[in-house]
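The values are calculated or read from the model by the stated rules, or taken from the named source; none is laboratory data. It should be emphasised that the depicted structure is a prediction, and the values quoted were computed from it without experimental measurement. For neighbour counting, all protein chains shown are included, and Cβ atoms are generated from backbone atoms with ideal geometry for every residue, glycine included. Ligands, DNA and RNA are excluded from the accessible area calculation, which covers all protein heavy atoms including side chains. Shrake-Rupley method; radii C 1.70, N 1.55, O 1.52, S 1.80 Å.
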Amino acid sequence: MTTKIKVRKITASYGDEEVLHGIDMNVPANAVTALIGPSGCGKSTFLRCLNRMHETITGATVTGDVILDGHNIYAEDIDPVLVRRHIGMVFQKPTPFPYWSIRDNVLAGLKLTGSRKDYDADAIVERALKGAALWEEVKDKLSSPGTSLSGGQQQRLCIARSIAVEPEILLMDEPCSALDPIATARVEELIAELRDDYTLVVVTHNMQQARRVSDKTAFLMLGELVEFR
């Protein structure tokens, strides 16, 4: 497999407490890498280090390098906002903007960053919702609030919002933990489909889910990478 991200000696702390201890890992391109391990082992912290979200937490620090296509995202001249456009993130609980329509939720990243001025909004909405396997379910109610959707649909809406800005990588922090079994199965199917176009890193507590969706699995324990295969 071709390497998309090279992680070198990543150490992360909250104040004086070090929670990741010099992790090295190569994340393969166009594949699903699952992060597993017990609660508190550093999975979500490691995930946030991959797009510089860890440093947004008060008192949090990171040392080490994350090399994306030959460029260190922690270099001094790198804009963290640009990093997060290339490396999108989907959180544990669906987070649609509550007073925004389905359509506006999809376009939120483009509107909030102002990164593109001349985009075709309708085309992007359709492409992103199709990419998130949600278009057929919502195409006739795009003006309805994003929060009017079911939990599983809301999570897929958040995935559509992430891919609307055309990232290279998608990070998912336990994307199915708040969903029922049927919605979980649909999101797992979507993850399998997305690997054709994106590199995915998924945190999960569910060993069976990791086995179902991943091409590579990293096992973390007490801030250490114990195994990666």
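One residue is enough: does the range 134-150 have a residue meeting the conditions part of a loop (DSSP other than H, G, I, E, B), modelled with pLDDT of 95 or more and within 19 Å of the chain's Cα centre (by Cα)?
Scanning the range 134-150, I find at least one residue that is part of a loop (DSSP other than H, G, I, E, B), modelled with pLDDT of 95 or more and within 19 Å of the chain's Cα centre (by Cα), so the answer is yes.
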> Within the range 182-229, can you find the residues that are basic (K, R) and over 18 Å from K130 (Cα atoms)?
Replying inline: R211, R212, K216, R229
> What number of residues within the range 49-68 satisfy the criterion of being out of contact with any Ser or Thr (no Cβ under 8 Å at 6 or more places or on another chain) and under 22 Å from L225 (Cβ atoms)?
Replying inline: 10
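Yes/no matrix, rows are residues, columns are (1) over 18 Å from R84 (Cβ atoms); (2) touching a residue at least 12 places away in the same chain (Cβ under 8 Å); (3) surrounded by fewer than 15 Cβ atoms within 10 Å (Cβ to Cβ); (4) not small (G, A, S):
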position: K141; (1), (2), (3), (4): yes, yes, yes, yes
position: C176; (1), (2), (3), (4): yes, yes, no, yes
position: L179; (1), (2), (3), (4): yes, yes, no, yes
position: A210; (1), (2), (3), (4): yes, yes, no, no
> If the Cβ limit is 8 Å and pairs must be 6+ apart or interchain, which residue in the range 13-39 that is at negative phi and of a type in the set (V, I, T) pairs with which residue that is open to solvent by 30 Å² or more (accessible area, probe 1.4 Å) and in a loop (DSSP other than H, G, I, E, B)?
Replying inline: V32/R195; V32/D215; T33/D215; I36/H205
